[in-house]
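Colleague: Before we start, here is the structure in question, set down as structure tokens.
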Amino acid sequence: MFFIPGTHTEHGLTHSPLKALISPRPIGWISSVSAGGVANLSPYSFFNAIAEFPPMVMFISAPDARAENKNGHKDSLANILETREFGVNIVGRKQAEQMVKSSQPVEASIDEFDHAGLTKMAGQKISAPLVTGAPAHLECTYYNHIDLPKNANGSHSVMVLGHIVGIHIDDNMVENGRVDVTRFQPVARLGYMDYANVTDVYEMTP
Ligand SMILES: Cc1cc2nc3c(=O)[nH]c(=O)nc-3n(C[C@H](O)[C@H](O)[C@H](O)COP(=O)(O)O)c2cc1C
């Protein structure tokens, strides 16, 4: 089949297939704190590493219809624009259920670590808290953001770019000087409500 984006239902597809086609996607489990000190934690699968030297990440925050008082920004984005830092908590199989729970829409005044039953770990370079027990954490500072084009409703997503300024790795995830992903089995987002864990790793050399 061939179709123009937005017309998938005319072709027998009940849901937009885009996220199923571009999968698996890594999950950036973004922790942040508001200027008022309320911690926030939410997963973002429009997320990736985008450069190595200097090391940088990005994620995309879709518009939030609930948040009229924050220019339509989700809480993570609003916090990062206020405090200019965030954490990326790596999601292994053990963190999967709490990661999904932290995506529930809750008031900005609610601490989402508490909501998801998670304990905070202090960062070394940033004041945003990190998720205790995650296999690794990236401490990030805000670099820039880009407003993406407006959709038919007049709202738009925002790409957030950050510098990685500190890296924590659970020593138990390291074998012979290399991170062994099979020890934590990174969780990937597929399409719809589907997820996968990385368990099958093979090496190829160019
Ligand atoms: C696995 C997963 C991936 C998600 N990816 C994104 C994403 O890339 N962009 C986005 O705006 N929302 C994404 N969401 C939804 C947000 O996590 C959700 O809207 C969250 O409540 C935002 O919270 P906040 O307002 O506290 O930042 C995702 C949810 C899940 C479960």
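Colleague: Take the range 21-43 and flag every residue that is under 30 Å from residue 2 (Cβ atoms) and either open to solvent by less than 20 Å² (accessible area, probe 1.4 Å) or over 17 Å from the mean Cα position of the chain (by Cα) (or both).
Modeller: Matches in the range 21-43: 21, 25.
Colleague: Let me ask something else. Every residue in the range 157-187 that is over 23 Å from residue 46 (Cα atoms) and surrounded by 17 or more Cβ atoms within 10 Å (Cβ to Cβ), please.
Modeller: 173, the sole residue that qualifies.
Colleague: Just to be sure, is residue 167 modelled with pLDDT of 95 or more and in contact with a Phe, Trp or Tyr (Cβ under 8 Å, 6 or more places away or on another chain)?
Modeller: no
Colleague: Find the residue count for the range 44-88, including only residues that are free of Cβ contacts under 8 Å to residues at least 60 places away in the same chain, part of a loop (DSSP other than H, G, I, E, B) and either within 15 Å of residue 33 (Cα to Cα) or more than 10 Å from the ligand (Cβ to nearest atom) (or both).
Modeller: Result for the range 44-88: 4.
Colleague: How about the range 48-101: which of its residues are charged (D, E, K, R) and open to solvent by less than 50 Å² (accessible area, probe 1.4 Å)?
Modeller: 64, 70, 75, 85
Colleague: Also, I was wondering about something else. Among the numbered conditions (1) open to solvent by less than 70 Å² (accessible area, probe 1.4 Å); (2) under 17 Å from the mean Cα position of the chain (by Cα), tell me where residue 143 comes up short.
Modeller: (1)
The values are calculated or read from the model by the stated rules, or taken from the named source; none is laboratory data. In this text the structure is predicted, and so the values were computed from the model without any measurement. Here the Cβ is made from the backbone with ideal geometry for all residues, glycine too, and neighbour counts use every protein chain on show. Heads up: the accessible areas ignore ligands, DNA and RNA and are worked out on the full protein's heavy atoms, side chains in. Shrake-Rupley method; radii C 1.70, N 1.55, O 1.52, S 1.80 Å.
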